[in-house]
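Have a look at the structure below, then the notes.
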Amino acid sequence: VQLQASGGGLVQTGGSLRLSCAVSGGIFNLNAMGWFRQAPGKQRELVARFLGGDHTEYADSVKGRFTISKDYAKNTVFLEMNNLQPDDTAVYYCNEVAGILSYWGKGTLVTVSS
């Protein structure tokens, strides 16, 4: 399984970004997959993910602002991020869990300026 994340960048407070994660290998619709983030000096944390199929889970801090979606034809998972805040600044990682195995893509940096 390979995961390729893109779409990070610098944005002002209140702005929006859309992250993409292209997935190759694995079972796209059955495996749990989604986004985590790690801010400087903090542990990696869940942002949003699909728990197999279309059931989703979001961190409380992003509910109502972020939306996870996927394109089956392109084997791609998206994270639409709106009303970004400085606390959202982090490296965002795409993740897929297949059984007991967890795969990570290289992160993409999101910086929100105040």
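Volume per residue, Å³, of the convex hull around the alpha-carbon atoms of segment 1-51? It would help to have the intermediate numbers written out before the result.
Numbers: hull volume 5.5 nm³, N = 51.
It is 108 Å³ per residue.
What does the accessible area per residue of segment 21-114 come to in Å², with a 1.4 Å probe and no ligands, DNA or RNA counted? Mind dumping the intermediate values first?
On the way: 4900 Å² over 94 residues.
Roughly 52 Å² per residue, with all protein chains present.
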For the pair Asn82 and Ser20, what calculated FRET efficiency results from E = 1/(1 + (r/R0)^6), where r is the Cβ-Cβ distance and R0 = 22 Å, to the nearest 0.05?
0.90
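Pop out the carbon and sulfur fraction of the accessible area of the chain as a percent, whole number, probe 1.4 Å. Before the final figure, lay out the partial values.
Numbers: 3060 of 6050 Å².
Percent of accessible area from carbon and sulfur atoms in the chain: 51.
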Quick one: length gained pulling Lys42 to Lys106 fully straight, 0.36 nm per residue minus the C-alpha distance?
21.3 nm
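So for the chain, what are the equivalent ellipsoid semi-axes in whole Å, largest first, each being the square root of 5 times an eigenvalue of the Cα gyration tensor? Could you put the intermediate results ahead of the total?
On the way: eigenvalues 104, 37, 33 Å².
For the chain, the semi-axes come out at 23, 14, 13 Å.
The values are calculated or read from the model by the stated rules, or taken from the named source; none is laboratory data. Here the structure is a predicted model, which is why all the values come from computation and not from measurement. Counting neighbours? That spans all protein chains shown, and the Cβs are built from the backbone with ideal geometry, glycine included. Note: accessible area is taken over every heavy atom of the protein model, side chains too, but ligands, DNA and RNA are not part of it. Shrake-Rupley method; radii C 1.70, N 1.55, O 1.52, S 1.80 Å.
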